[in-house]
Amino acid sequence: MTLLKQTLYEHVSINVKDDYAAYDPVRTYNFSDFCTFEHYNYRSVTDNNIGNNPKDHPEHWIEWGISNEFAQLDLRSSTRTVWNPTTAINPADGKLVTVFSVKLQNTLSLGNVKGGGVHIILKDLSGNVVKSYHITSYIRPYSNNWFGYYFDAFTGTASTYVSSHTFIIPPIEGTVEVTVDADVDGEASVGYMILGNRVYGGDSLYGARLSIEDNTLWGK
């Protein structure tokens, strides 16, 4: 059994935007207005809601889920960072691109990926490419439930796939660029992205159960 602790909490850049505008302390929000605050979406539950930030004033707001930019970092495969013509900063990109820093970590794991291909480019601090990975083959169809993900028949075309991948990367200081090409539906998305150092956790016994624990600095 191999253990992998999340060390990825922020990205250097990403080419998607959140579903809602950032919270504005001078704006008047009314019932059912939305905003994004500290990586989460919120819905106003009162009228004339002004100067009440969502984190400190739960009587005025209800949490409405993780923001689009950070959905791939919350360790839940059911929430996804999505690139499409609506969420894209530049719709002409045709892909989801996330860049983040690495500091001697040796493992990168992606889960619930949907798109036409995955490309990983690892660069040192001077911008030189140290290692790259490219996956374009079809893996399995998208499913909204774990049983379907593992047991449904393989269907679809070679230009759309969903899968989980773990990459053993050289432990350097620099950046990693993760690109997911849009599929035939014009969408690219990632359910979760984990960066860390893998540790051998011993042999697991029959019937053992595992889970993903949210240890992010801003996790709920």
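The values are calculated or read from the model by the stated rules, or taken from the named source; none is laboratory data. All of these numbers come straight from a predicted model, not from anything done at the bench. Every residue, glycine as well, gets a Cβ built from its backbone with ideal geometry; the counts of neighbours run over all protein chains shown.
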* Structure fact -> Of the conditions (1) modelled with pLDDT under 90; (2) part of a strand (DSSP E or B), the single one that Thr179 does not satisfy is (1)
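This table checks each residue for (1) basic (Lys, Arg); (2) crowded, with 17+ Cβ neighbours inside 10 Å; (3) touching a residue at least 60 places away in the same chain (Cβ under 8 Å); (4) under 17 Å from Val113 (Cα atoms).
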residue: His57; (1), (2), (3), (4): no, no, no, no
residue: His60; (1), (2), (3), (4): no, yes, no, no
residue: Glu63; (1), (2), (3), (4): no, no, yes, no
residue: Ile66; (1), (2), (3), (4): no, yes, no, no
residue: Glu69; (1), (2), (3), (4): no, yes, no, yes
residue: Asp74; (1), (2), (3), (4): no, yes, yes, yes
residue: Thr79; (1), (2), (3), (4): no, yes, yes, yes
residue: Trp83; (1), (2), (3), (4): no, yes, yes, yes
residue: Ile89; (1), (2), (3), (4): no, no, yes, no
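Do we find that Val16 is surrounded by 12 or more Cβ atoms within 10 Å (Cβ to Cβ) and under 30 Å from Thr179 (Cβ atoms) in this structure?
On the way: surrounded by 12 or more Cβ atoms within 10 Å (Cβ to Cβ): yes; under 30 Å from Thr179 (Cβ atoms): yes.
Answer is yes for this residue.
Is there a residue being of a type outside the set (Phe, Trp, Tyr) and under 25 Å from Val180 (Cβ atoms) anywhere in the range 39-59? Even if it seems obvious, please write down each step before you answer.
So in the range 39-59, the residues of a type outside the set (Phe, Trp, Tyr) come out as 39, 41, 43-59.
From what is left, the residues that are under 25 Å from Val180 (Cβ atoms) are 39, 41.
Checked the range 39-59: at least one residue is of a type outside the set (Phe, Trp, Tyr) and under 25 Å from Val180 (Cβ atoms).
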* Just a yes or no: is a residue in the range 21-29 touching a residue at least 12 places away in the same chain (Cβ under 8 Å) and within 30 Å of Pro171 (Cβ to Cβ)? -> no
* Considering Ser159, Ser163, which residue is at pLDDT below 75 and within 22 Å of Leu108 (Cα to Cα)? -> Ser163
* Kindly indicate the residue of the range 122-156 that is of a type in the set (A, V, I, L, M, F, W, C) and modelled with pLDDT under 90 and also surrounded by the most Cβ atoms within 10 Å (Cβ to Cβ) among those meeting that condition. => Ile135
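Condition check: farther than 20 Å from Val176 by Cα and among the charged types (D, E, K, R). Does Glu63 satisfy that? Before you say what the answer is, go through the steps one by one.
On the way: farther than 20 Å from Val176 by Cα: yes; among the charged types (D, E, K, R): yes.
Here the answer is yes, as Glu63 does meet what is asked.
Quick check on the range 19-45: of everything there that is small (Gly, Ala, Ser) and in contact with a Phe, Trp or Tyr (Cβ under 9 Å, 6 or more places away or on another chain), which residue is surrounded by the fewest Cβ atoms within 10 Å (Cβ to Cβ)? Outline the logic, then answer.
Let us first name the residues in the range 19-45 that are small (Gly, Ala, Ser), namely 21-22, 32, 44.
Filter once more, so that each one left must be in contact with a Phe, Trp or Tyr (Cβ under 9 Å, 6 or more places away or on another chain): 21-22, 44.
On the way: Ala21: 12, Ala22: 10, Ser44: 20.
Result: Ala22.
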* **1 or more residues of a type in the set (Ser, Thr, Tyr), modelled with pLDDT of 95 or more and farther than 30 Å from Ser132 by Cβ: qualifying strands (runs of 3 or more DSSP E) within the range 1-117** => 34-37, 40-44
* Can you name every residue in the range 91-113 that is surrounded by fewer than 19 Cβ atoms within 10 Å (Cβ to Cβ) and closer than 15 Å to Ala71 by Cβ? -> none
